[in-house]
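K.L.:
After the structure tokens below, expect a handful of questions from me.
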Amino acid sequence: MKQVIFLLVLLGILCCFSIFRANAEDPYRYYTWVVTYGTRAPLGVYQRVILINNQFPGPPIEAVTNDNIIVNVINQLDEPFLITWHGIKQRKTSWQDGLLGTNCPIPPHSNWTYKFQLKDQIGTYMYYPSISMHRAIGGFGAVNVNQRSVISIPYPAFAGDFTLLIGDWYKAGDKALRKRLNSGLATPLPDGLINGLHKSSVFTGQKGKTYRFRITNVGISTSINFRIQGHSLILVEVEGSHSLQEVYESIDIHPGQSITALVTLRGAIKDYYIVASTRFTKPILTTTGILRYQGSDTPPSLPLPIAPTYHVHWSMKQARTIRLNLTANAARPNPQGTFHYGQINIVRRLVLANAKVKINGKLRYTVNGISYVDPTTPLKLADWFNIPGVFSLNNIKDLPTSRPPALGVSVFDLTHHPILASQRIEYGGGKWTTALKKRYNLVDAISRHTVEVYPNSWTAVLVSLDNKGMWNLRSQIWSDRFLGKQTYLRVWNDEKSLYTETDIPPNALRCGKAIHL
């Protein structure tokens, strides 16, 4: 009898322990970032840049799936500042997205604390300043989310992990670029490429071993071609989605995009160039790093010429990327082709056409005829508190119109649907027509949050509106976005529940018409 009682007590303890473990919160990671101006020479000429904790690029976030991230941003600049978390889904927390449509900017010499969870995400992402032209002078960094120990990844083990932040760079600085855009002039070609690394720019590995390279295009205007001299790249992840593991000599990465590739060191023991070159530009700009085999004392030979890639249209001059922040990319981690998205009924179709126009004699960009202008009150605050006069729903149409281009605050009113899927399903040249739907890939398209749209062409994206909130759809060509090529999606239902969206954070900043609420 005593043995039975002991067994029952032991089982009860184990059950309580299991419940405790099941209900325990995921880990928290705390960061304090001081944002300042500083002096660096990315292209060999000293100029003003944005530093985070005196670092350029900013410090990386190295985290694990489902970690809670707490970042206290202290703004020591002379103007308002915000950071957005590019590719982070912000499950139920569009309050933390760090854009002028969702957040009041952090005033100079003050601070604000972001709080969000890396819910069900694995992969390579980034953060960067989201307002003005701050992104042109720094303030960006890597967000690397690793899988939990109980989750396997669908590619071989690797001996080391390297992160590269590559992008175009302008010597003019953010205020000069902003003044140029506001005067009605386009930005010029960049002055060069930077590799986002410190001083030596050398990665060291052992012959015969495989290494994981996380590569992000942190530039504001220019696509890049990435390659490693004498080595193949096995693509294993694109913006949090595990892709078909195809082998490339080089890979194109457009602004705002991230990839992960495996590289096996099979060459002779010496140094090899890591090369990034601009695509669709004349002249071609190049930056290099070094892949060094351990024990090497041999400098690399001249870098390889630009190798062909296998997924772009060579006749197109420059890719324009649009980013949608409500994707369901690679949760837990689904490899390419595992979503049965071809069986999902399409309930609404948006055809978005962008245009380069002049409004009041100045250069602007439009989406379906409207060139977006940020109101002084964030859309999310206006929506939450029912503040009139900030925006009206559906002033932008589902289809392109022939009306004259105009400045405005454009917001699509869309219904929340609890379905997981977001894929780029096709792209092509010329104008899109309904007949092209039969070309769609409804089998194994890859889920991602930034897709390229080439000049005089179209891209079709299947999106499930499974995340309630106010979400920004924008160009990753930052000058285009600055001059109006963006809009917002209000994903909504009438359910008032913490299961679909959190309440307004207690520390939310107030500005505009919400300043006294």
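The values are calculated or read from the model by the stated rules, or taken from the named source; none is laboratory data. The structure displayed is predicted, hence computed values, not measured ones. Here the Cβ is made from the backbone with ideal geometry for all residues, glycine too, and neighbour counts use every protein chain on show. Accessible surface areas use protein heavy atoms only, side chains included; no ligands, DNA or RNA. Shrake-Rupley method; radii C 1.70, N 1.55, O 1.52, S 1.80 Å.
K.L.:
Which entry in (i) 23.7, 92; (ii) 23.7, 82; (iii) 26.0, 116 matches Rg and Dmax of the Cα atoms in Å derived from the coordinates of this structure?
P.N.:
It is the one labelled (i).
K.L.:
Rounded to the nearest Å, what's the spacing between the alpha carbon centres of the range 221-292 and the range 397-460? Just the number, please.
P.N.:
28
K.L.:
Counting only the heavy atoms of the protein chains, how much of HIS416 is accessible to a 1.4 Å probe, in Å² to the nearest 10?
P.N.:
Approximately 30 Å² of HIS416 is accessible to the 1.4 Å probe.
K.L.:
Could you estimate the translational diffusion coefficient of the range 23-150 from the Stokes-Einstein equation, with Rh from the Kirkwood formula over C-alpha pairs, at 37 °C and 0.692 mPa s, in whole µm²/s?
P.N.:
217
K.L.:
OK, next. Which peptide among 437-446, 226-235 comes first, and what is the full order, when sorted by highest mean count of other Cβ atoms within 10 Å?
P.N.:
226-235, 437-446
K.L.:
Where does each of 114-120, 480-486 land if you order them by average Cβ count within 10 Å, highest first?
P.N.:
My ranking of the peptides, most packed first, is 480-486, 114-120.
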